[in-house]
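Below you'll find the structure, written out as structure tokens, and then a few comments.
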Amino acid sequence: VLHGEKVPASEKLFSIFETHADIIKKGGREAVYGHKVFISCGRSPLITDCFVAQGNPSDESKFRPMLERHQRRFGSMPEKAAFDSGFASKKNVEWAKGEAEIKQLGLPRQSWVQIEELVSSAWIYRQLKRFRAGVEGCISFFKRVFGGGRCTWKGRRRFNRYVQLSVLGLNLVVLARLKLKRQAAG
């Protein structure tokens, strides 16, 4: 930059205070500095998996690794899975429905795929869309209440620990709420 030299983004330093920071750009939105965090949730608002990506990988490139992480953690692929539009690609749909044997796949409508190829019925498609909306609520809760939107700890290792502790805090609150709900009902 100083001498007009072209330098790959992976070799650039974006912050002298946080040397591990990455540039994150999604769609037409303004670029931000930090790290991309991928979150998976189950039926309840518990976060079942969370990892911090290196750099700014596309969501599409993390589709298969996220499902494979699920398989390693739980011993099998999910029967149903919902993702936002960034994860959608023909290659991902073909892999999920073929090799991964995911029976019901909830992705926002894309011009290249029919809903009938993703799910067995329109009712299940609506259910998966609602589930995905619920996951957005979980992510919002994580960011607003547990500091997932801003980390003040210095260094990449500490950033990862901060995210892990935030997930732990959220999951403990969710479990406590579920226990209180059961006690009130029973």
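The values are calculated or read from the model by the stated rules, or taken from the named source; none is laboratory data. Quick caveat, the model's predicted, so the values are computed rather than measured. In this analysis, Cβ positions are derived from the backbone assuming ideal geometry, glycine residues included, and neighbour counts consider all displayed protein chains. Just the protein is used for accessible areas: all its heavy atoms, side chains included, with ligands, DNA and RNA removed. Shrake-Rupley method; radii C 1.70, N 1.55, O 1.52, S 1.80 Å.
Which pairs do you get when a residue that is more than 15 Å from Phe38 (Cα to Cα), found in the range 149-165, comes within reach of a residue that is at pLDDT below 85 and open to solvent by 40 Å² or more (accessible area, probe 1.4 Å), reach meaning Cβ atoms under 9 angstrom, with the pair 6+ apart or on two chains? What qualifies is Lys154/Phe17; Gly155/Thr19; Arg156/Thr19.
When Trp123 is tested against (1) assigned to a helix (DSSP H, G or I); (2) touching a Gly at 6+ places or on another chain (Cβ under 9 Å); (3) loosely packed, with under 12 Cβ neighbours inside 10 Å, only condition (2) is not met. Give all pairs with beta carbons closer than 8 Å in which a residue from the range 85-106 that is under 24 Å from Gly134 (Cβ atoms) meets a residue that is open to solvent by 30 Å² or more (accessible area, probe 1.4 Å) and aromatic (Phe, Trp, Tyr); count only pairs at least 6 apart in sequence or on separate chains. Close Cβ pairs (under 8 Å, with a partner that is open to solvent by 30 Å² or more (accessible area, probe 1.4 Å) and aromatic (Phe, Trp, Tyr)) amount to Gly106/Phe131.
Is it the case that Gly169 is under 19 Å from His35 (Cβ atoms), outside any helix (DSSP H, G or I) and open to solvent by less than 50 Å² (accessible area, probe 1.4 Å)? Break it down into steps so the answer makes sense when it comes.
Details: under 19 Å from His35 (Cβ atoms): yes; outside any helix (DSSP H, G or I): no; open to solvent by less than 50 Å² (accessible area, probe 1.4 Å): yes.
No: the conditions fail for Gly169.
So for the range 70-77 (the condition being surrounded by 17 or more Cβ atoms within 10 Å (Cβ to Cβ), at pLDDT 95 or above and part of a helix (DSSP H, G or I)), does at least one residue qualify? Among the residues of the range 70-77, at least one is surrounded by 17 or more Cβ atoms within 10 Å (Cβ to Cβ), at pLDDT 95 or above and part of a helix (DSSP H, G or I), which makes the answer yes.
The lone criterion from (1) in contact with an Asp or Glu (Cβ under 9 Å, 6 or more places away or on another chain); (2) loosely packed, with under 15 Cβ neighbours inside 10 Å; (3) part of a helix (DSSP H, G or I) left unmet by Lys179 is number (1).
Thr48 fulfils the conditions (1) within 30 Å of Leu178 (Cβ to Cβ); (2) among the hydroxyl-bearing types (Ser, Thr, Tyr); (3) at pLDDT below 90 except for a single criterion, (3). Inside the range 131-152, residues that are surrounded by 15 or more Cβ atoms within 10 Å (Cβ to Cβ) and part of a loop (DSSP other than H, G, I, E, B) make up a count of 4. Is there a residue in the range 108-120 that is open to solvent by 80 Å² or more (accessible area, probe 1.4 Å), more than 24 Å from Lys25 (Cα to Cα) and at pLDDT 95 or above? No, the range 108-120 contains no residue that is open to solvent by 80 Å² or more (accessible area, probe 1.4 Å), more than 24 Å from Lys25 (Cα to Cα) and at pLDDT 95 or above. Count of the range 16-69 residues, restricted to those that are part of a loop (DSSP other than H, G, I, E, B) and either among the polar types (S, T, N, Q) or closer than 19 Å to Gln164 by Cβ (or both), is 14.
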